[in-house]
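J.: So that we are looking at the same thing, I have put the structure below in structure tokens.
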């Protein structure tokens, strides 16, 4: 009997020691706590079992499946269905399906997003719907109330190191006579051509709403060009093969050419890299509107935006993103040029016809 009481007494003493020591143990890490919280809510998530339909450029499907889809599906219990559609095709589909949408989210260029927003085919969102909007840089928020710019492709100079001793120092230097016959240029069938026209206007006292200086500058820039293309890869190959000294391209495109042995490099002009913004938008009347808002919010989150910047070299808009030192020079987040795409969208057809007539036809 005494032996049994002694054993019980010993157990109580040991239990007391455990309780006394337990508070000294380190708390679980934030990541572990978040993981535990997510796991505990697996059976109660409001989106479990639902399907989100997302349209995006076919060439970006692998990127989204790698960086965005797995985490979002794990967090929500929903299934993400990706459909390949270029920006113009996504715009057309949203218009055709306006009375009975089948898409929930579209990843589209800013010009198409603004057009659809004006037509009421893209839903307005707020920080209540999409809390991570609060973490987005002010110049990426859109006055129309649709979702902000998610990220931009940043255009710099792709240049051939065999043909040139150094890249042009600035956008303005493209007009330097020393670059005669060195530029692979873009027509206005490409957004890169539109950006070149607007930059030409800005450098000469004009703007998107005063494009005359831009057309005048395009006339003088012709002497430095070897021709005009719509396709970025075509112009990139001209530089890689030594047929042109400079074109306008993305850092990741430059890396791809370097991996194939081309003696090329990439540089950010003094004025900054020109942006081609893209955005994830919620379709008005989407079958899964709340899930779509959750998806947009997830893509705007700091962890996802950090991966998009570091792994895809995209100029993201979340102001809390910290770049890996190895990619900081390739993603110039504080050296970006933005454009008035609403005005560009309204004027692009007129500009294209004029460009074809006055620049290509002369």
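The values are calculated or read from the model by the stated rules, or taken from the named source; none is laboratory data. The structure displayed is predicted, hence computed values, not measured ones. Every residue, glycine among them, receives a Cβ derived from its backbone with ideal geometry; neighbour counts consider all protein chains shown.
J.: What are the pairs with Cβ atoms under 7 angstrom where one residue, in the range 256-274, is more than 23 Å from residue 336 (Cβ to Cβ) and the other, located anywhere, is assigned to a loop (DSSP other than H, G, I, E, B)? Sequence gap at least six, or different chains.
T.: So the pair list comes out as 263/161; 263/162.
J.: Among the residues in the range 205-223, are any under 26 Å from the mean Cα position of the chain (by Cα), buried (at least 17 other Cβ atoms within 10 Å of the Cβ) and within 24 Å of residue 108 (Cβ to Cβ)? Give the steps one after another, and end with the answer.
T.: So in the range 205-223, the residues under 26 Å from the mean Cα position of the chain (by Cα) come out as 207-209.
So of that shortlist, the ones also buried (at least 17 other Cβ atoms within 10 Å of the Cβ) come out as 208.
After this cut, where a residue has to be within 24 Å of residue 108 (Cβ to Cβ) as well, the list is 208.
There is at least one residue in the range 205-223 that is under 26 Å from the mean Cα position of the chain (by Cα), buried (at least 17 other Cβ atoms within 10 Å of the Cβ) and within 24 Å of residue 108 (Cβ to Cβ).
J.: Then there is this: Could you tell me how many of the residues in the range 212-248 are over 19 Å from residue 189 (Cα atoms) and assigned to a loop (DSSP other than H, G, I, E, B)?
T.: 5
J.: If you scan the range 156-191, which residues turn out to be modelled with pLDDT under 95 and within 16 Å of residue 250 (Cα to Cα)?
T.: 190, 191
J.: Does the range 258-275 contain any residue that is out of contact with any helix residue (DSSP H, G or I) (no Cβ under 9 Å at 6 or more places or on another chain), buried (at least 16 other Cβ atoms within 10 Å of the Cβ) and more than 19 Å from residue 151 (Cα to Cα)?
T.: yes
J.: Still on this structure, please answer the following. Using the structure shown, decide if residue 132 is surrounded by fewer than 20 Cβ atoms within 10 Å (Cβ to Cβ) and in contact with a strand residue (DSSP E or B) (Cβ under 8 Å, 6 or more places away or on another chain).
T.: Numbers: surrounded by fewer than 20 Cβ atoms within 10 Å (Cβ to Cβ): yes; in contact with a strand residue (DSSP E or B) (Cβ under 8 Å, 6 or more places away or on another chain): yes.
It is true that residue 132 is surrounded by fewer than 20 Cβ atoms within 10 Å (Cβ to Cβ) and in contact with a strand residue (DSSP E or B) (Cβ under 8 Å, 6 or more places away or on another chain).
J.: Right, next: Would you please name the residue that is surrounded by the fewest Cβ atoms within 10 Å (Cβ to Cβ), looking only at residues in the range 149-164 that are more than 11 Å from the chain's Cα centre (by Cα) and not in a strand (DSSP E or B)? Give the steps one after another, and end with the answer.
T.: So the first thing to find is which residues in the range 149-164 are more than 11 Å from the chain's Cα centre (by Cα), and the list is 155-164.
When the remaining residues are screened for being not in a strand (DSSP E or B), the result is 161-164.
On the way: 161: 13, 162: 10, 163: 15, 164: 17.
Applying the filter and picking the extreme gives 162.
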